[in-house]
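These notes are about the structure you will find just below.
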Amino acid sequence: MKTESTEQEYHHHLSHHHHMRVQWEEFFQSDDETKIKEATLIEKGSIISRVGMMMLSCGTGAWRVRDAMDTLARALDLTCSTDIGLISIVCTYFDVDNQSYSQSLALPTTGVNMAKLNELEKFVRQFEAAGGDFEIKTIRRRLGEIEHMKGRYPLWGSSLAAALACGGFIFLLGGGLPEIICSFIGAGLGQFARGSLAKRRITIAATTAVAVAAACLSYYLAFMLGHLLFNVDMIHMRGYIGAMLFVIPGFPFITSGLDIAKLDMRSGLERMAYAILIILIATGTGWVMATALQIKPGDLPALHLSKVILTACRLVASFCGVFGFSLMFNSHRRMAAAAGLVGAIANTMRLSLVDFAHFPAPLAAFLAALLAGLLAGYVRGKVGYPRIALTVPSIVIMVPGLYMYRGIFLLVLTSVGAGATWMTEALMLVMSLPAGLLTARILTDKKWRRVD
């Protein structure tokens, strides 16, 4: 058996070359007009690997990346064996002549881009439908176009999306008008700070810490201005948690649970570790800011709304929250609106079950995630959006960021009993959400529920 191996790292060009960019064009010796089915094993493998790395860079889970790579491999008469992590892929290709070719590839960082994922899924479907009957130049041009897709929204646009998401989020946590306005301002400025640092290629730990600090400080200043001008009660200061909820790592949290359920342990555990890292940095920074500004977390004042008005407001707030998160994930507006409708229905049902029917919160979260998954499956069948682009934004609004923060805050103050209670409640909710999505996938997706 002839074996060829390459070890390369894939990235955006960095001045210090910590991640050497893969020169994909150098893999090709065949003429541009050559059909990819007639290309060499190395050329076929490089196309599949490139698609896999591009999908991984969009923030999707290992199962989806592997499924796309396997689909392309089957069309090219190859067998593809892949090991996928959070930012890396190790893959080996085998052809009908019993030759093999291996690659080890890595991204510099992780992110979320649903518009790019949507285009990649379209490309994979077209490739499968055509049986791989494309010329090399056509494939390279199309992948180049997708790879160089710019973000759909400028920084101020994603900042407004974060502001909208957190404004809706804090209402769902019990906040009133003062909390909504201050969270809107704080989250918007926090996301602007995060985006500004990300453009300069600053590491994720630093961008998260600065973003949370900026959000907390902005909330504090906006609130103090309201307190001076309109004599807003100081109890509303407790809503500062709402300003930093835009950093919740919803995608890695949810995809980690789904990957583990599919026994993609490496990817699932790496994603979980990444999500926990972001949560620890965010909650730690929030605690430092709260201590410096002398703010203590606590229950927000009751809103005293009737059940009908409260439910109607929750529908609107849930839609705004999910729509905002979807735009932050770079979904186009129609996709974000579809996710918003799914999230509004599912999350309002969850809150109503807890408040009015007295369901245990984890059970309500499970049922809401199940409903979101079923609705997403229906919408996908109608309009073809990636299921993950609909389910994850609608589930992020249910991630118990408040519980996590209060748990860490109390643990830091060595109130171990109270802190552990909050953290346990958060853990039960976090486990319930991917379980609900998993159940929906098993019920509606034949490829998902089978292991072959």
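For this structure, a couple of remarks:
- Filter pass, A261 being open to solvent by 40 Å² or more (accessible area, probe 1.4 Å), modelled with pLDDT of 95 or more and over 16 Å from A187 (Cβ atoms): no
- Just one of the numbered conditions (1) open to solvent by 10 Å² or more (accessible area, probe 1.4 Å); (2) free of Cβ contacts under 8 Å to residues at least 40 places away in the same chain; (3) at negative phi is not true of G419: (1).
- Residue in segment 222-233 that is small (G, A, S), out of contact with any helix residue (DSSP H, G or I) (no Cβ under 8 Å at 6 or more places or on another chain) and in contact (Cβ under 8 Å) with a residue 12 or more places away in the chain present: no
- The C-beta contact set for segment 320-348 (first residue touching a residue at least 12 places away in the same chain (Cβ under 8 Å) and more than 21 Å from G436 (Cβ to Cβ), second residue open to solvent by 20 Å² or more (accessible area, probe 1.4 Å) and among the basic types (K, R), distance under 7 angstrom, 6+ apart or interchain) comprises N330/R152; H332/R152.
- Scanning segment 160-216 for residues that are open to solvent by 30 Å² or more (accessible area, probe 1.4 Å), within 16 Å of I279 (Cα to Cα), under 18 Å from the mean Cα position of the chain (by Cα) and not polar (S, T, N, Q) returns R194, I204, A205.
- Residue match in segment 352-359 (condition: farther than 22 Å from G59 by Cα, in contact with a helix residue (DSSP H, G or I) (Cβ under 9 Å, 6 or more places away or on another chain), open to solvent by less than 30 Å² (accessible area, probe 1.4 Å) and without any contact (Cβ under 8 Å) to a residue 60 or more places away in the chain): yes
- Condition met for A275 (open to solvent by less than 30 Å² (accessible area, probe 1.4 Å), touching a helix residue (DSSP H, G or I) at 6+ places or on another chain (Cβ under 9 Å) and either more than 19 Å from V392 (Cα to Cα) or acidic (D, E) (or both)): no
- Taking segment 28-56 as the range and being open to solvent by 40 Å² or more (accessible area, probe 1.4 Å), in contact (Cβ under 8 Å) with a residue 12 or more places away in the chain and more than 14 Å from T138 (Cα to Cα) as the test, the residues that pass are Q29, I42.
- Condition check for P301 on (1) of a type outside the set (V, I, T); (2) more than 17 Å from L402 (Cβ to Cβ); (3) over 18 Å from the mean Cα position of the chain (by Cα); (4) modelled with pLDDT under 95: one failure, at (2).
- Listed by position, the helices (runs of 4 or more DSSP H) contained in segment 369-452 that have at least 3 residues being more than 17 Å from G61 (Cα to Cα) and of a type in the set (F, W, Y) are 401-412.
The values are calculated or read from the model by the stated rules, or taken from the named source; none is laboratory data. Everything numeric here is computed off the predicted structure, so don't read it as measured data. Every residue, glycine among them, receives a Cβ derived from its backbone with ideal geometry; neighbour counts consider all protein chains shown. We work out accessible area using only protein heavy atoms, side chains counted, and drop any ligands, DNA or RNA first. Shrake-Rupley method; radii C 1.70, N 1.55, O 1.52, S 1.80 Å.
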